[in-house]
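Where a number appears in this text, it was derived from the coordinates with a stated rule and is not lab data. These numbers were taken from a predicted model, which means no experiment stands behind them. Backbone-built Cβ (ideal geometry, glycine too); neighbour counts: all protein chains shown.
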Amino acid sequence: MIKVCKFGGTSMADANAIRQVKNIIDADDSRRFVVVSAPGKRFKDDIKITDMLYRCYNEVVNLGTCKKSFAVIRERFVEIVKDLGLTIDIESVLDKTEQEIDQSKSPDFAASRGEYLSAVVISAFLGFEFIDAAEIIRFDSHGKLNVDYTDDKVSNRLLGVDKAVIPGFYGKNFQGEIKTFSRGGSDITGSIIAHGVKADLYENWTDVSGFLVCDPRIVHEAKVINQITYKEVRELSYMGASVLHAEAITPVMKRRIPINIKNTFKPEDKGTMIVPNEQYKEGLNDAVITGIAGKKNFTVLLIEKSMMNAEVGFIRRVLSVVEHYGICVEHLPSGIDTLSVILESEQLKDGVLTDLVSEIRENVNPDYVHVIENISLIATVGHGMARRHGTAATLFTALAEEKINIQMIDQGSSELNIIIGVANSDYEKCIRAIYKAFVK
Ligand code: ASP
């Protein structure tokens, strides 16, 4: 049995949390590969080490040295090492790191040092080998992960290693430069390692007891999702649930390795099991739906043209205009004579919206283009919905009772989710109504 364990920023935040991590690792001999984040926040207004490292980079750009900001990082690591009673010469490691940040003039290099230092400390504390992610995780020249190369490197390097700590969040490109994933990317590193060592389980340790049915800031009593499929997590993460990086599913998915989201500070909680469809056990969750997630601030371009469906290439021409502006399309629900193009409002700033609409008018000569702004999208996700009648009825009745006006509906044919568009001002109310209707 092999388990890969990834510990997030709060699990690495101070000596107490790190001791807790050691207890967890020591409790189970199959926890052989440990991936760590940089120390995160210890309290609400604390600063994450990664944020501090980006500041270091800016300081180098402006002043030529990161001395001032790095002092905060230095103090944090020195304190952790002292509190853990470790005898490693952390000051020398920190001196070297500070110098390298000054010289590298790279934001990715600077940001990566939080995970690097974290891994140096915890490998000493656990007595595990330190394996640098730069050795085994490879990016191509476009900053994308080189999957095949990385898979080979990870399995070859880790084969025969009994126990190791690997820093999360970064790797190297073929030019030898350090590159990072997007923020929260240590989750992806953990998943890559789990795939590479053919783990039986990828444990992702964080500071919550799993995915919640919806955002607890909106529904305080939101329940934990006991079990969820890979695809459902993709949908929920994409729509804003932030427990796991949206790209962290892909590597483990290839080997059908389940992910268990666990709480470092409540290790006895079962957390959420993320499983492939074929491993899903019925009856573990409390509701028909699995989760609700959403995002605010979308714009809908409602394009209407009589006999649109008979016009060859109509949709393609609309989409080429959107593509020409380098804008991503979020959803594309269509009717007989209507097509709604849903876009993130952020992409339409500084006059882009007006130009886009007039170019669409010129190109496809629609009867009209109606622009609806300040729309929120809310996804109700659950693979159980496909096999059950009345789910949509329950959802829409709940919203009608709350007098919420639904401006758009999009249900993919997979029946894994129903996405609705409502006014931003109805966002929270809508999520509460759906929760109440489905979760007992
Ligand atoms: N430390 C990085 C961040 O704050 C990556 C991670 O924690 O996963 O985004």
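One table, with the values for the structure above:
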read-out	value
Prolate/oblate/rounded call for the chain, Cα gyration tensor, a/c under 1.5 rounded	prolate
Residue-averaged [θ]222 nm for the chain, counting only DSSP H segments that reach four residues, each worth -39500 (n - 2.57)	-12000 deg cm²/dmol
Label-point separation in nm, E100 to H220, each point 7 Å along Cα→Cβ	4.7
Unmatched cysteines, the chain - criterion: no other Cβ of a Cys under 4.7 angstrom	C5, C214, C328, C430
Backbone N within the stretch 241-265 under 19 Å of label point (7 Å from D26 Cα along the Cβ vector)	264-265
Extreme residue, positive dipole direction of the chain, given options Q347, P276, H324 (C-beta unit charges)	P276
Separation of alpha-carbon centers, the stretch 396-412 and the stretch 83-156, rounded to whole Å	48
Computed over the chain: relative contact order in percent, which uses C-alpha pairs under 8 Å that are six or more apart	13
Per-residue Cβ neighbour rank within 10 angstrom, fewest leading, V371, V208, V224	V371, V224, V208
Estimated vicinal HN-Hα couplings, Hz - the stretch 191-207 in sequence order (Karplus 6.51, -1.76, 1.60; Gly, Pro = x)	5, 5, 5, 4, 5, x, 9, 6, 5, 7, 8, 10, 8, 10, 8, 9, 10
Long-range HN-HN contacts of Q411 with modeled amide H, under 5 Å	I419
Furthest towards positive pole of dipole, Y170, N424, A13, structure part the chain, Cβ charges	A13
Note, ³J(HN,Hα) from phi for the stretch 64-75, Karplus 6.51, -1.76, 1.60, rounded to Hz, x at Gly and Pro	x, 8, 9, 3, 5, 5, 5, 4, 5, 5, 4, 4
Residue-wise HN-Hα coupling along the stretch 370-377, computed from phi with Karplus coefficients 6.51, -1.76, 1.60 (Hz; x: Gly, Pro)	10, 9, 10, 9, 6, 9, 9, 9
Within straight-line cross-link reach of K172, lysines at Cα separation under 17 Å, skipping those fewer than 8 residues along the same chain	K105, K144, K153
Gyration tensor (alpha-carbon) shape descriptor, the stretch 318-440, a/c threshold 1.5	prolate
Net length gained if the chain between M1 and K41 were fully extended (0.36 nm per residue, minus Cα distance)	11.1 nm
Lysine pair number, Cα distance threshold 30 Å (strictly under), the stretch 6-68, separation 8 or more or different chains	13
Cleavage-rule hits (trypsin sites (Lys or Arg not before Pro)) in the stretch 272-318: DSSP loop, at most 13 neighbouring Cβ within 10 angstrom	K281
H195, H370, H220, H245 arranged by Cβ crowding within 10 Å, fewest neighbours leading	H220, H370, H245, H195
Size of charge dipole - the chain - debye, nearest 20, with Cβ of Lys, Arg +1 and Asp, Glu -1, no other charges	840
Amide proton proximity set for L212, modelled H, under 5 Å, gap of 5+	I225
Those residues of the stretch 80-105 whose amide nitrogen sits under 18 Å from the label point placed on V61, 7 Å along Cα→Cβ	101-105
For V34, distant residues with modelled amide H under 5 Å away	C5, A164, V165, I166
Simple label model, 7 Å out from Cα along Cβ direction - E362 to I88, nm	6.0
Where labels lie 7 Å past Cα in the beta-carbon direction, separation of S306 and K163 in nm	7.6
Residue-span extension gain [S345 to N405] - 0.36 nm each, minus C-alpha spacing	19.6 nm
